[in-house]
Amino acid sequence: MPRPLGITSLRILGAIRDGVAYGLEIVTSTGMPSGTVYPTLGRLKKSGLVRARWEDQRAAEREGRPRRRYYELTAEGARALAEGVDRVTAAAADLAGATEAGNA
């Protein structure tokens, strides 16, 4: 059974699911540093949760910028994200219940 994903991976997968497609856009959307996002993207790609493709060089040249690498969720990545969200939601509910019980 694969290891559960951490919050960093879940935030990145969520950003990709929500239409954030290339590295710098993911950095901006998540507010995480590039030194966190890019290595995590590499691990997510290696584990089969995302796939990546480089855009056509001519498209980047027309816009006068470097070529972008676009990411998308795989079916396995979408499942892993859904499972992770369920796990985090349950943990948050447990913590909220513990807080309420402590205030009673």
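Worth a mention:
- Cut-off under 5 Å, modelled amide H: who pairs with Val50 long-range: Lys45, Thr74
- Using only side-chain charges placed at the Cβ, +1 for Lys and Arg and -1 for Asp and Glu, the dipole size of the chain relative to its Cα centre rounds to 580 debye.
- Computing percent of Cα pairs over 16 Å apart for the structure here picks out one of (1) 68; (2) 56; (3) 62, namely (3).
- Within the chain, the whole DSSP H helices whose Cα atoms reach 30 Å or more along their own axis and whose mean Kyte-Doolittle score is at least -1.0 are 75-103.
- Distance between modelled label sites at Ala93 and Tyr70, nm, 7 Å Cα→Cβ extension: 3.7
- With contacts taken as Cα pairs under 8 Å and at least 6 residues apart, the chain reaches a relative contact order of 29 percent.
- Carbon-plus-sulfur accessible fraction, the chain (probe radius 1.4 Å, protein heavy atoms only): 54%.
- Using the average count of surrounding beta-carbon atoms within 10 Å as a protection proxy, the listed peptides 84-91, 24-31, 60-67 rank, highest first, as 24-31, 84-91, 60-67.
- The slack between Ser47 and Arg62, meaning 0.36 nm per residue of separation minus the straight C-alpha distance, is 2.1 nm.
- Residue (of Ala82, Ala96, Ile26) at the positive-pole extreme of the chain, dipole from beta-carbon charges: Ile26
- Residue-normalised accessible area of the chain, expressed per residue, 1.4 Å probe, Å²: 66
The values are calculated or read from the model by the stated rules, or taken from the named source; none is laboratory data. The structure presented is a predicted model; accordingly, all values stated were derived computationally and were not measured. All Cβ positions, glycine included, derive from the backbone under ideal geometry; neighbour counts span all protein chains shown. Calculation scope for accessible area: heavy atoms of the full protein, side chains included, ligands and nucleic acids excluded. Shrake-Rupley method; radii C 1.70, N 1.55, O 1.52, S 1.80 Å.
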